[in-house]
Amino acid sequence: MAITKESFGTTADGVRVFLYTIRNGNGMEVSVTDYGANIVKILAPDRFGRFADVVLGYDTVAGYEKNTPGYGSFIGRHANRIGGASVVLDGRRYELEKNDGANNLHSGSRGFNKFVYQTVLADNGDSGSVEFSRVSPDMEQGLPGNMDVAVRYTLTENNELILEYSAAADKETVINLTNHSYFNLAGHASGDILGHKVIVHADSFTPTSDDLIPTGEIRDVTGTPMDFREFKEVGKEIDADYIPLRQAGGYDHNYCLNKTGDGLIPAAELWEEESGRYMQVYTDLPGMQLYTGNFIKGDETGKDGCCYQRRGGICFETQYYPNACNIPAFPSDIFKAGENYHSVTVYKFGIR
């Protein structure tokens, strides 16, 4: 298992950052950067053995310093939305940045994808890993507690990319970490993902108000355009006259995964029929946001000079449910002082 390190440029405030690439014996590669602990590149083979980069992103750190869509991003302290941009922790109300109307999205304008991380590399023979870590200080993003946080990216010889998250704080706080990679299994520069086929292993989802905050209802997907329990093209019902789809301009919804126990479960599958590329998603978390890039504006230049278009990629953001910190009926993402957060998500690549 080979791991290489190269320069990825210098940040606007003069910090030199690096790109780390893990390559397995099958030729698959994963590149990550210590700026934001972001996933920059995933090279995966098609049915003919031809490799393509299957995630949207940028060629240098300058792109990730802006990165309005959140390509490849490590999201924290809190992924997704917090209603009213406030939360009560240990009896005290904390007011957060309102960066999505009246709500907080992905922890505000400077999430975990905008910091430089310490790096540890490990070659374990049949796998290679890059771990990024830092201390998020008390009241960063408006949330309490000095928090030790780490994310480890591991590539195996089975073409699995394993994302392992760890965190703990010295005060009660919210912890809900995820990755915001946009996948396009035809290749990052190949256009929209409407022809991709998707399975989501969930019988229900959490409908929202017009500002995309869950109402607290858990709704059965049966008979609705939200049903992906069998392979269905992304574009088949994405523009259906269904209130949740109209609210979000497509799919941008939390699915309540069919979860029993504490271990890894199948969350989703993605298949691009022409190339044959196939990806499975596993997680130990209760929810997953399916997002179809509805807010990509088509005005940013990405890798290889590509101008990504609306719905040019699809995200599988494993998570606690949005606004879980304010909805007692949802699985809680509030962790007490000293309580360890640990979670694993796996993206497994293959051919179908």
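The values are calculated or read from the model by the stated rules, or taken from the named source; none is laboratory data. Just so we're clear, the structure is a prediction, and the values are computed from it rather than from any experiment. With ideal geometry, Cβ positions are generated from the backbone for all residues, glycine too; neighbour counts draw on all protein chains shown. Calculation scope for accessible area: heavy atoms of the full protein, side chains included, ligands and nucleic acids excluded. Shrake-Rupley method; radii C 1.70, N 1.55, O 1.52, S 1.80 Å.
Overall size of the range 177-254 from C-alpha positions, given as principal axis extents largest first: 37, 28, 23 Å.
Roughly how far apart, in whole Å, are the Cα centres of the range 180-233 and the range 20-58? First find each Cα centre; the distance between them is then 24 Å. Between their Cα atoms, which of K66/K232; K98/K297; K5/K66; K98/K303; K114/K197; K41/K297 are more than 25 Å away from each other? Checking Cα-Cα distances, K66/K232; K98/K303; K114/K197 exceed 25 Å.
Under 16 Å of direct C-alpha separation, and excluding same-chain neighbours fewer than eight residues apart, K171 reaches these lysines: K336.
Each listed q (0.18, 0.21, 0.24 Å⁻¹) maps to a log10 I(q)/I(0) for the range 235-330 from the Debye sum over equal C-alpha point scatterers, namely -1.03, -1.20, -1.28. For the pair T11 and D210, label points projected 7 Å from Cα toward Cβ lie 3.9 nm apart. Counting heavy atoms of the protein chains alone, K98 has an accessible area of about 130 Å² for a 1.4 Å probe.
Ellipsoid semi-axes for the range 1-93, based on the Cα gyration tensor and the rule √(5λ), read 32, 18, 13 Å when sorted largest first. Here the mean projected area of the convex hull built on the C-alpha positions of the range 216-277 is 5.8 nm².
Among 336-342, 264-270, what's the highest-first ranking by average C-beta atoms within 10 angstrom per residue? Each step should come with its number before you reach the end.
Numbers: 336-342: 13.0, 264-270: 20.0.
Going from most to least packed, we get 264-270, 336-342.
The range 104-127 and the range 274-298 have Cα centres separated by 19 Å.
Averaging the sequence gap over all C-alpha pairs within less than 8 Å and six or more residues apart, then dividing by the number of residues, gives the range 1-125 a relative contact order of 21 percent. Convex hull volume of the Cα atoms of the chain, normalised per residue: 126 Å³. Taking the Cβ-Cβ separation of I3 and S190 as r and a Förster radius of 30 Å, what is the calculated FRET efficiency to the nearest 0.05? For R0 = 30 Å, the calculated efficiency reads 0.60. Near Y282, once Lys and Arg are set to +1 and Asp and Glu to -1 for all other residues with Cβ below 15 Å from its Cβ, the sum equals -4. Here A329 and T68 are evaluated by their C-beta separation; at R0 = 30 Å the FRET efficiency comes out at 0.40.
Computed over the chain with a Gaussian network model linking Cα atoms closer than 10 Å, the most mobile of C325, C256, C306 is C306.
Expressed as a whole percent, the accessible surface of the range 17-126 that belongs to carbon and sulfur atoms is 46, based on a 1.4 Å probe.
At full extension, R246 and R352 could sit 34.9 nm farther apart than now, given 0.36 nm per residue minus the alpha carbon distance.
Here the convex hull built on the C-alpha positions of the range 126-192 has a volume of 125 cubic angstrom per residue.
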